Amino acid sequence: MSTPALATRALSKAFGSLPVAREIEISLPVGARYALIGPNGAGKTTLINLMTGMLRPDAGQIFLAGEDITSVGPQERVRRGLARTFQINTLFPGLNALEAVALAVAERRGLAGHFWRGVGSHSETIDEAYEILRKLKLGDSCYQVTRELPYGRQRLLEIALSLATRPKVLLLDEPAAGVPPEESGEVFEAVAGLSNDLTLLFIEHDMHVVFRFASHIIVLVGGAIFTEGSPTEIAADPGVREVYLGKRKHG
Amino acid sequence: MSSIAQSAVTTPHSYLQAQSRWHPLELAFWLATLLPFFVFPAYLSLASQIAITALFALSLDIILGYAGIVSLGHAAFFGIGAYSAGLLSKYGWGQPITGLIFAAGVAGLVGFAASFIISRFRHFTLIMITLGLGLLAFEAANRAHWLTGGSDGLQGISMWPVLGMFRFDLYGYTAYSYSLATLFIVFLGARRLINSPFGLALRGIRENWVRMPAIGADSRAHIRKAYTIAAAIAGLAGALLAQTTESVSLESISFQRSADVLVMLVLGGAGRLYGGIIGAIIFLVARDQFSGIAPQYWYFWIGALLVAVVMILPNGILGGLSRIYARWTSK
Amino acid sequence: MLPPIFGVLFDGLAYGMLLFVLSVGLSVTLGLMNFVNLAHCAFAMLGGYVTITLVNEFHWPFVATLPVAFAAAAIVSVVLERALYRRLYRASDLDQVLLTIGLAFISVAIAAYIFGTTQQPVETPELLRGGVNFLGLGLGKYRLFLIAIALAVTILLVGGLEYTRFGAQVRAAVDNQRMARGLGIDVDRTFATTFALGSGLAGLGGALAIEIVGLDPNFAFTYLVYVLIIVSVGGLGSITGSFAAAVLIGVSDVAGKYYAPELGAFLIYLVMVVVLMWRPAGLFGRR
């Protein structure tokens, strides 16, 4: 049995008396394409925040490739290969796409502290940045300032920034959220084109996307894992349908 | 737009390199700084003050305009530099350039120590801490009569000629040349810094604090580095003041100085490297011209200007100019 | 016979009460909206000058001018909030700092223009002059009056916060703004009302301050530092915190002047920096 790329054990967190994560146990094998679904307020983004270190858990542990990273800081987790994208675009509005991705690449290469040579002379960094952008079809708009990019391209830039860190595990928080239908195809192609060595966990609401990309689905309800299984199992599960369509207990 | 034509000609490398190329306006500006020698020789000491204050504003721009740290106590480093250079001369070593380096070193060291505090806080707490540290520095200088001369100021400073040749004269030729040269050299360094990966990281911190750790960046380490550099440059400016005026007063470490430099930087436009310089020129020339008016009326106009800048011209004068330029060229 | 130290403590307490009335408005508005209003003490100054004008020019009794000082500051704050502040709720800290400092500068200039730069005295009523003998100490009547007013204000504030619907809205918005909005609370309007109340209290404080510390155009900045220290040490959005910090600062300041004048403000600044490093949100603050 090989070590999972990312695993959590009994991960728990509460905001005052409101539990947002209850003893969550997840295990992502290398190369997995897992989807995390659940009604609004189930704690999906919270789980990602816990995994990436933006939130500290009250109890439980997180393992990256077998190593305990529970007390490791967020930027160190990224350096060890755990990256995420944000549900709401968290980009650098005043930088253009090339600068933004080049910054991420420079950080990874440990060059971001260098203050003498100009960015333009760090050829390998720039080459790598441009290549990432080109693969995501952002090459020709890479000189445009981020805040002027159309929304779909901004979502692609979200992904580009996280890819620049050369992650082994990538957590995608609703990658196609808010993208107009004519542009969402590009986003899905980008996700589909991601390397098979890369382990993916993505939060999605659109079931078509989930069934198209995921090999395994985890259902989160009220901060706890409700059930998990293959797409067909989940589709057939009446409990899942009830949680989504039924009594609306999570309002 | 023109991006299609642009991508046919530019490569990513050449695009980024073009960002750091000198614009003809910049060359014109620096040539214009030589004008006071020929056209306004009576104002050379004012010009020297402007160069020194511009250097101070430049140092604040690094942390405020680029890393986004609002400091209400930056004069602490200016004052530390001034007192260090003054004391060095008072106790026997009046060599100007080594004095500058010494003062920058002291200020930088103190800045380095303070940076461990500064880098851990944000927003209102950070503003209050910078204010508090600045006020503490002032009180310390005020109380330490035996070292700083307290409210009487530091006496007994006497500078040797610059490079062994240029005596500090009464008209200000040496003072202005010295200050201008220092400003220009440091400016070149700051320009390199801004165009480097580190400069990009600082802009990233300012643009989106949350994103930085998510791309593996250690924002605190970057802030510490920027703050230390800014402190050293501020100390350098303070030392210039001490040396060219051969005196140091409490004013150099006062809240007034911290507030004035903030106003200048915002007026000119933070985050544009030249904003502090432009702001310093306008502010000090105006203050000189209106020096007959009682101080509170002067502050009326400064207040009105600040309100105007915030409500109408968010990026200061340079920001407004670049917006006009962009609109003009896109027609 | 009580030793003189109790006299010092009494003076310090009175001073602290004055500082509390001046600061509490800023603490609540900062806690509510994170809006850095450095013009807060300019409102205080406005209240002070309203009282001076009414007493010296129109011969009103001092106590009658107090509600007017409150109202004047509150009304001006409403005007400024509608015209300028409203647009900057989501702006950067720097923009808020600059706008409000600019307004403070303007107010100082206007005050200097109208009233001149020297301190203006005001005639306090016969009833409040002199002192009361308590266990051998001479307790100033005006200071007793000040403490009484401050305590009344505190009771009204705490009561209002706990027992009125508006108070509940304020508490909710300070606690978690996003959730408060989600529950349908008009946070912007809550802020505007709270801001008016807080500025009004500052105006009241300014009027009360004349007798204790004197009023001149620099008041807007001299006391701003104290108010900022109290707010940051006490905790944003906390009435208890402001109260505790104000008393602490008031007593330390007066005691310091009596027993250790060389230390001066050094100790207060140091305390502030140390407290903020230990508790960035203040002693009683949230987040």
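If you check C:I101 against the conditions, is it within 14 Å of another protein chain (Cβ to nearest Cβ), farther than 19 Å from C:I52 by Cβ and either in a loop (DSSP other than H, G, I, E, B) or in contact (Cβ under 8 Å) with a residue 40 or more places away in the chain (or both)?
Considered against the rule, which asks whether it is within 14 Å of another protein chain (Cβ to nearest Cβ), farther than 19 Å from C:I52 by Cβ and either in a loop (DSSP other than H, G, I, E, B) or in contact (Cβ under 8 Å) with a residue 40 or more places away in the chain (or both), C:I101 comes out as yes.
All but one of (1) of a type outside the set (K, R); (2) closer than 22 Å to B:L305 by Cβ; (3) part of a helix (DSSP H, G or I); (4) within 12 Å of chain A (Cβ to nearest Cβ) hold for B:G271; state the number of the condition that does not hold.
Answer for B:G271: the failing condition is (3).
From the list B:V309, B:V285, pick out the single residue that is crowded, with 17+ Cβ neighbours inside 10 Å and either at positive phi or in a helix (DSSP H, G or I) (or both).
Exactly one of B:V309, B:V285 is crowded, with 17+ Cβ neighbours inside 10 Å and either at positive phi or in a helix (DSSP H, G or I) (or both), namely B:V309.
Here's the yes/no breakdown for (1) surrounded by 14 or more Cβ atoms within 10 Å (Cβ to Cβ); (2) in contact (Cβ under 8 Å) with a residue 12 or more places away in the chain; (3) assigned to a strand (DSSP E or B):
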residue: C:I114; (1), (2), (3): no, yes, no
residue: C:T118; (1), (2), (3): no, yes, no
residue: C:T124; (1), (2), (3): yes, yes, no
residue: C:N133; (1), (2), (3): no, no, yes
residue: C:G138; (1), (2), (3): no, yes, yes
residue: C:Y142; (1), (2), (3): yes, yes, no
residue: C:L146; (1), (2), (3): yes, yes, no
residue: C:L157; (1), (2), (3): yes, yes, no
residue: C:G167; (1), (2), (3): yes, no, no
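Find the helices (runs of 4 or more DSSP H) located wholly in segment A:152-251 whose residues include 2 or more that are aromatic (F, W, Y) and modelled with pLDDT of 90 or more, and list them.
Filter on segment A:152-251 gives an empty set.
Just wondering, is there one or more residues in segment B:104-117 that are surrounded by 24 or more Cβ atoms within 10 Å (Cβ to Cβ) and not small (G, A, S)?
No - not one qualifying residue is present in segment B:104-117.
Taking segment A:28-63, which residues are more than 23 Å from A:S17 (Cβ to Cβ) and in contact with a helix residue (DSSP H, G or I) (Cβ under 7 Å, 6 or more places away or on another chain)?
If the condition is that a residue be more than 23 Å from A:S17 (Cβ to Cβ) and in contact with a helix residue (DSSP H, G or I) (Cβ under 7 Å, 6 or more places away or on another chain), then A:R33, A:A35, A:L36, A:I37, A:T52, A:G53, A:I62 are the ones that fit.
With the requirement that a residue be within 18 Å of the chain's Cα centre (by Cα) and among the small types (G, A, S), what does segment B:267-317 give you?
Answer for segment B:267-317, where residues must be within 18 Å of the chain's Cα centre (by Cα) and among the small types (G, A, S): B:G268, B:G269, B:A270, B:G271, B:G275, B:G276, B:G279, B:A280, B:G316.
When both residues are 6+ apart or on different chains and their Cβ atoms are under 9 Å apart, which pairs have a first residue that lies in segment C:82-98 and is at the interface with chain B (Cβ under 7 Å from one of its Cβ atoms) and within 11 Å of C:M33 (Cβ to Cβ), and a second that is surrounded by 13 or more Cβ atoms within 10 Å (Cβ to Cβ) and modelled with pLDDT of 90 or more?
Pairs found: none.
Which one of C:I155, C:I114, C:I149 is within 14 Å of chain B (Cβ to nearest Cβ) and not polar (S, T, N, Q)?
C:I114
Residues are listed down the side, and each one gets a yes or a no for (1) farther than 27 Å from A:M51 by Cα; (2) in contact (Cβ under 8 Å) with a residue 40 or more places away in the chain; (3) buried (at least 22 other Cβ atoms within 10 Å of the Cβ); (4) away from chain B (no Cβ under 12 Å):
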{"residue": "A:V119", "(1), (2), (3), (4)": "yes, no, yes, no"}
{"residue": "A:E124", "(1), (2), (3), (4)": "yes, no, no, no"}
{"residue": "A:G139", "(1), (2), (3), (4)": "yes, no, no, no"}
{"residue": "A:A160", "(1), (2), (3), (4)": "no, yes, yes, no"}
{"residue": "A:R166", "(1), (2), (3), (4)": "no, yes, no, no"}
{"residue": "A:A176", "(1), (2), (3), (4)": "no, no, yes, yes"}
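Between a first residue in segment A:71-87 that is within 18 Å of A:L157 (Cα to Cα) and a second residue that is among the acidic types (D, E), which pairs have beta carbons less than 8 Å apart while being 6 or more apart in sequence or on different chains?
A:R84/A:D173; A:T85/A:E158; A:T85/A:D173; A:F86/A:E158; A:F86/A:D173; A:Q87/A:D173; A:Q87/A:E174
The values are calculated or read from the model by the stated rules, or taken from the named source; none is laboratory data. Being a predicted model, the structure only gives us computed values, none of them experimental. No Cβ is skipped: glycine too gets one built from the backbone with ideal geometry, and neighbour counts run over all protein chains shown.
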